[in-house]
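Asks: Next up is a structure, given as structure tokens.
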Amino acid sequence: MGLFLLIDMDYFFAACEELRHHEYKDKALVVGTSSSENKEKGVVQTCNYIARQYGIHSAMSISDALKLNPNLTYLASDEAYYEQISHKLEHLIRSRNLRMEVMSIDEIAIETNNDNYAEALALAESIKEEINSNLGLPCTIGVSSAIVYAKMVCDAYKPNKIGVVRREDLVNFIKDKEVKAIIGVGDKTTKRLSEMGIETIGQLAKSNPANLIAKFGKFGGELSLISRGEMVDRIHPDQKKISISRERTIDQSLGIDGIEMVMKRLTEEVIAEVKENNMSFGSVSAKVKYIDFSYSMRTKKLSVPTDSLDVAYRYSIELLKALMKDNKVRKVGVRVSELKENSNQMRL
Ligand SMILES: [Mg+2]
């Protein structure tokens with residue numbers, strides 16, 4: 001069984017801005033969703049640690065942030081620039097030929113080949129050093145037995161650190177954390193768990209898995225596993241072979257059904273192209289960009305390559321639902337990869 005490293009860039013958007021505006025490094029810096037002229041209408045996406053000292057945090061309205069510090073430096077989000085740096089980061093890690101998955105614009109997960117914590121720590125140190133010297137950006141790396149725990153380690157150690165929590169210390173490490181520390185648990189799930197009297201991960205561990213499954217389906221079973229420190233992950237290396245993808249911006253008036261319709265149409269377009277090229281795909285990914293400009297992507301690897309539209313539908317919608325959870329989305333996308341050319345008909 002392997003171990004997992006989660007590389008999580010620290011205050012990513014603001015750190016990217018500090019990179020090209022050294023003059024803001026010693027000031028309270030906020031990156032937000034609105035243009036500079038209309039900044040009061042916007043929301044904080046990321047802020048640097050100086051801004052945090054004033055109590056400013058992401059998702060706060062800019063007008064509230066300005067009340068806490070009227071002198072803060074405000075910059076409108078420049079998504080294209082952050083994505084450029086994100087791609088550089090991905091390229092840097094990918095060149096090491098590790099089993100890895102891009103989790104979001106500023107997070108990459110890595111699976112090691114064995115259970116050796118000392119080796120995993122050495123790897124984390126080497127990666128952190130490389131990111132710092134090549135990109136000039138701070139990051140935190142969490143090391144644990146599954147991605148969900150590595151993320152909690154990052155949150156506990158931030159900023160600019162490496163944290164390791166071993167399997168045997170996991171239950172103790174997570175038990176007092178709030179349920180929302182779990183990736184995928186948003187406001188809605190937190191509220192529903194709270195109605196069941198569950199506030200902490202420790203309480204989640206003590207509740208009957210059958211009840212959780214009855215209430216949350218498959219995700220309930222996963223929550224139970226996570227809470228007991230028993231979650232197991234596997235990263236499917238996407239080897240960056242050719243892929244076919246489509247993405248589209250979502251009209252904010254669309255409900256969940258409407259968003260699913262958009263996803264279905266994108267999936268049809270992708271599969272039409274797969275068939276035109278007489279190919280099969282080995283994995284399906286869904287990508288969601290949220291209203292705060294962050295994004296997430298998840299991939300489902302198929303046991304057998306196929307060109308089936310039904311299979312593509314099933315997983316693109318399933319992954320989309322998992323990614324949307326409680327969050328408002330701005331853009332959705334689908335990608336099929338591990339493409340192979342279909343062999344010609346057998347000759348007798
Ligand atoms: Mg981050």
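One line per residue, one yes/no per condition, for (1) part of a helix (DSSP H, G or I); (2) more than 12 Å from the ligand (Cβ to nearest atom); (3) of a type outside the set (A, V, I, L, M):
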| residue | (1), (2), (3) |
| --- | --- |
| ALA109 | no, yes, no |
| ASN113 | no, yes, yes |
| GLU125 | yes, yes, yes |
| LYS151 | yes, no, yes |
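Asks: For the stretch 286-333, name all the residues that are among the aromatic types (Phe, Trp, Tyr) and without any contact (Cβ under 8 Å) to a residue 40 or more places away in the chain. Lay out the reasoning, then the answer.
Replies: Initially, the stretch 286-333 is screened for residues among the aromatic types (Phe, Trp, Tyr), giving 290, 293, 295, 313, 315.
Across the stretch 286-333, the qualifying residue is only TYR315.
Asks: Since SER63 meets every condition but one in (1) more than 30 Å from ILE235 (Cβ to Cβ); (2) assigned by TED's automatic domain parsing to the domain that holds GLU125, which condition does it not meet?
Replies: Every listed condition holds for SER63 apart from (2).
Asks: Let me ask something else about it. Name the residues in the stretch 3-32 that are over 19 Å from ASN69 (Cα atoms), buried (at least 19 other Cβ atoms within 10 Å of the Cβ) and more than 15 Å from the ligand (Cβ to nearest atom), would you?
Replies: Result: LEU3, PHE4.
Asks: If a residue counts only when it is in contact (Cβ under 8 Å) with a residue 40 or more places away in the chain, which strands (runs of 3 or more DSSP E) contained entirely in the stretch 1-101 have at least 3 such residues? Reasoning before the result, please.
Replies: Numbers: elements: 4-9, 29-32, 44-47, 73-76.
Output list reads 4-9, 29-32, 73-76.
Quick grid of which residues meet (1) part of a loop (DSSP other than H, G, I, E, B); (2) of a type in the set (Ser, Thr, Tyr):
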residue	(1), (2)
MET103	no, no
VAL143	no, no
PRO159	yes, no
THR190	no, yes
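Asks: In the set ILE131, ILE105, ILE93, which member is under 23 Å from VAL288 (Cα atoms), within 14 Å of the ligand (Cβ to nearest atom) and in contact with a strand residue (DSSP E or B) (Cβ under 6 Å, 6 or more places away or on another chain)?
Replies: Numbers: ILE131 fails: under 23 Å from VAL288 (Cα atoms); ILE93 fails: within 14 Å of the ligand (Cβ to nearest atom).
Checking each option against the conditions leaves just ILE105.
Asks: Output the residues belonging to the stretch 215-229 that are assigned to a helix (DSSP H, G or I) and charged (D, E, K, R). Spell out the reasoning first.
Replies: Going residue by residue through the stretch 215-229, those that are assigned to a helix (DSSP H, G or I) are 215-216, 218-227.
Answer for the stretch 215-229, where residues must be assigned to a helix (DSSP H, G or I) and charged (D, E, K, R): LYS215, LYS218, GLU222.
Asks: Pull out all pairs, ordered by first then second residue, where Cβ-Cβ is under 8 Å, the residues are six or more apart or on different chains, the first lies in the stretch 109-126 and is assigned by TED's automatic domain parsing to the domain that holds CYS154 and buried (at least 19 other Cβ atoms within 10 Å of the Cβ), and the second is assigned to a helix (DSSP H, G or I) and among the acidic types (Asp, Glu).
Replies: THR112/GLU119
Asks: Got at least one residue in the stretch 173-183 being under 16 Å from the mean Cα position of the chain (by Cα), at pLDDT 95 or above, surrounded by 13 or more Cβ atoms within 10 Å (Cβ to Cβ) and away from the ligand (no atom under 16 Å from the Cβ)?
Replies: No: zero hits.
Asks: Please find, among ASP169, ASP155, the residue that is within 16 Å of the ligand (Cβ to nearest atom), in a helix (DSSP H, G or I) and either among the charged types (D, E, K, R) or on the phi > 0 side of the Ramachandran plot (or both). Before you say what the answer is, go through the steps one by one.
Replies: On the way: ASP169 fails: within 16 Å of the ligand (Cβ to nearest atom).
That would be ASP155, the only listed residue that is within 16 Å of the ligand (Cβ to nearest atom), in a helix (DSSP H, G or I) and either among the charged types (D, E, K, R) or on the phi > 0 side of the Ramachandran plot (or both).
Asks: Given the criteria on the phi < 0 side of the Ramachandran plot, assigned by TED's automatic domain parsing to the domain that holds TYR149, away from the ligand (no atom under 16 Å from the Cβ) and in contact with a strand residue (DSSP E or B) (Cβ under 8 Å, 6 or more places away or on another chain), does LEU98 qualify?
Replies: Details: on the phi < 0 side of the Ramachandran plot: yes; assigned by TED's automatic domain parsing to the domain that holds TYR149: yes; away from the ligand (no atom under 16 Å from the Cβ): yes; in contact with a strand residue (DSSP E or B) (Cβ under 8 Å, 6 or more places away or on another chain): yes.
Spelling it out, LEU98 is indeed on the phi < 0 side of the Ramachandran plot, assigned by TED's automatic domain parsing to the domain that holds TYR149, away from the ligand (no atom under 16 Å from the Cβ) and in contact with a strand residue (DSSP E or B) (Cβ under 8 Å, 6 or more places away or on another chain).
Asks: Another question about this same structure. Is it true that some residue in the stretch 163-170 is out of contact with any Phe, Trp or Tyr (no Cβ under 6 Å at 6 or more places or on another chain) and free of Cβ contacts under 8 Å to residues at least 40 places away in the same chain?
Replies: Checked the stretch 163-170: at least one residue is out of contact with any Phe, Trp or Tyr (no Cβ under 6 Å at 6 or more places or on another chain) and free of Cβ contacts under 8 Å to residues at least 40 places away in the same chain.
Asks: For the stretch 33-60, what are the residues that are touching a helix residue (DSSP H, G or I) at 6+ places or on another chain (Cβ under 8 Å) and within 13 Å of the ligand (Cβ to nearest atom)? Write out each step before concluding.
Replies: Taking the stretch 33-60 and keeping what is touching a helix residue (DSSP H, G or I) at 6+ places or on another chain (Cβ under 8 Å), we get 34, 39-48, 51, 54-56.
Across the stretch 33-60, the qualifying residues are GLN45, THR46, CYS47, ASN48.
The values are calculated or read from the model by the stated rules, or taken from the named source; none is laboratory data. None of the values given here were measured: they were computed from a predicted structure. Cβ atoms come from the backbone with ideal geometry, glycine included; neighbour counts cover every protein chain shown.
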